[in-house]
Amino acid sequence: MIVRTAHKKYTNGELELFSQLETHISEIRDQSPEQWERIALSSKAVKAYSGTDMKEETISAFGAKVSKTSQPELSASPCPKLLLTCNYNAAVTFDSDNLYIKAIRPIQKGDQIFISYIDATNPVKLRRSELRERYYFDCHCAKCAKDLTEPEHSFLGPETQDDLSALEGAEIEAYELLNECSSAVETDPKKTAKRLRSSIKFLRKVGAWPVTEQPLVSLRDELIASLLADQDIGSGFVQAAVRYLRVDPVVYGDERHPVRQLHAYALARVAVSLDCGEDGDSTGLLGLVDVRMEPVLLAWSVLSRLVELEDEACTVPSFKTMVRWLFDDVNERFKGDKKKPEDRGDDIRREWEKIELLVDRALEKGY
């Protein structure tokens, strides 16, 4: 909004509407100093990178405004009202000074458009706590109402009840670790990856925690980032494949979901890095199975699907450009080959069979 305001993309009437929204600066300063510090720091960054003449205090006020209604709305935009729910049907993304709203599932004419302000994959108590702390309202959406009626950890089998206290302790530690990962300015990726692996293995071993439930979903995301930062490309590739094949289809459903699209692109990039030999002498989790792979062919398969879906996907133009660049680079690697990758359907199928075997072996080992 700061950038769009500077570029005069809003009418005076729209800006007046936004100025009438309630600001919670006083409450945030008094009740949540850490949140106020984040807002103030973000305001400095926004002012520096946007080049706006707007004062930092005014930018901070942008971050401390919410609607007075129980269901916050994005009112100062040239789009219809967007209501909040944890069971959303649309995704909001930004690209430069443009805001994009795309359906993640079919929306009938006249139906309300719903978005989510937070990570809706988290447990209901965490979702509602985050909304209360950051947006100052209690969520009463249908998903929260339903989740509140179900027992905690209902996804765990009855055999885990004896270890429930240990599991709850491990869950708390996992979320504390995730908070560290998101707030730390600089960490040792090797040590962080070791802690993340230990947390994942414990939850998987003690409670047979499903890989599609939080906090395992976020732990794996952070683990992939740490492994790649530590140049353990082989292990990062395996974990990215686990996420692509076993996590995302369940957690995010539709293949066009922006998170699934991003994770698919990440898998393709890691596969290209692996093909380039950037993993050095370390094979990491690749050593779980004794097979020869052609990572760049797998990357081509993933990228070709992304390109195929680009008109329908909930992604922004800059992301599509990145996908096209990488796809062009991968296609360049096949120049001079007797068979083009699009004519190697059987080879691609065999590559995916190898990856399936690798992923299953990794999960069997508790990774």
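What the table below lists for this structure:
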item	result
Test result for Ala241, crowded, with 18+ Cβ neighbours inside 10 Å, at pLDDT 95 or above and assigned to a helix (DSSP H, G or I)	yes
Residue check, Glu356 part of a helix (DSSP H, G or I), in contact (Cβ under 8 Å) with a residue 12 or more places away in the chain and loosely packed, with under 14 Cβ neighbours inside 10 Å	yes
From the options Ala40, Ala48, residue that is modelled with pLDDT of 70 or more, loosely packed, with under 14 Cβ neighbours inside 10 Å and assigned by TED's automatic domain parsing to the domain that holds Asp97	Ala48
So Thr187, is it free of Cβ contacts under 8 Å to residues at least 40 places away in the same chain, over 21 Å from Val250 (Cβ atoms) and part of a loop (DSSP other than H, G, I, E, B)	yes
Candidate set from the range 254-308 (those that are among the small types (Gly, Ala, Ser) and at pLDDT 90 or above); member that is nearest to Gly345 (Cα to Cα)	Ser301
Total residues in the range 292-336, condition among the aromatic types (Phe, Trp, Tyr), farther than 30 Å from Asp97 by Cβ and touching a residue at least 40 places away in the same chain (Cβ under 8 Å)	1
Some residue of the range 203-213 being assigned to a loop (DSSP other than H, G, I, E, B), touching a helix residue (DSSP H, G or I) at 6+ places or on another chain (Cβ under 8 Å) and touching a residue at least 60 places away in the same chain (Cβ under 8 Å)	yes
Residue ID - farthest from the chain's Cα centre (by Cα), chosen from residues in the range 103-135 that are within 12 Å of Asn89 (Cβ to Cβ) and either of a type in the set (Asp, Glu) or not in a loop (DSSP other than H, G, I, E, B) (or both)	Asp111
In the range 136-176, the residues that are hydroxyl-bearing (Ser, Thr, Tyr), assigned to a helix (DSSP H, G or I) and at pLDDT 75 or above	Thr149, Ser165, Tyr175
Matching residues in the range 191-202 - criterion: being basic (Lys, Arg) and either surrounded by 19 or more Cβ atoms within 10 Å (Cβ to Cβ) or in contact with a helix residue (DSSP H, G or I) (Cβ under 8 Å, 6 or more places away or on another chain) (or both)	Arg195, Arg197
Members of the range 208-246 that are touching a Leu at 6+ places or on another chain (Cβ under 8 Å) and aliphatic (A, V, I, L, M)	Ala208, Val211, Leu216, Leu219, Leu223, Ile233, Val238, Ala240, Ala241, Val242
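The values are calculated or read from the model by the stated rules, or taken from the named source; none is laboratory data. Keep in mind that this is a model prediction, so the values were computed, not measured. We place every Cβ from the backbone using ideal geometry, glycine too, and count neighbours over all the protein chains shown.
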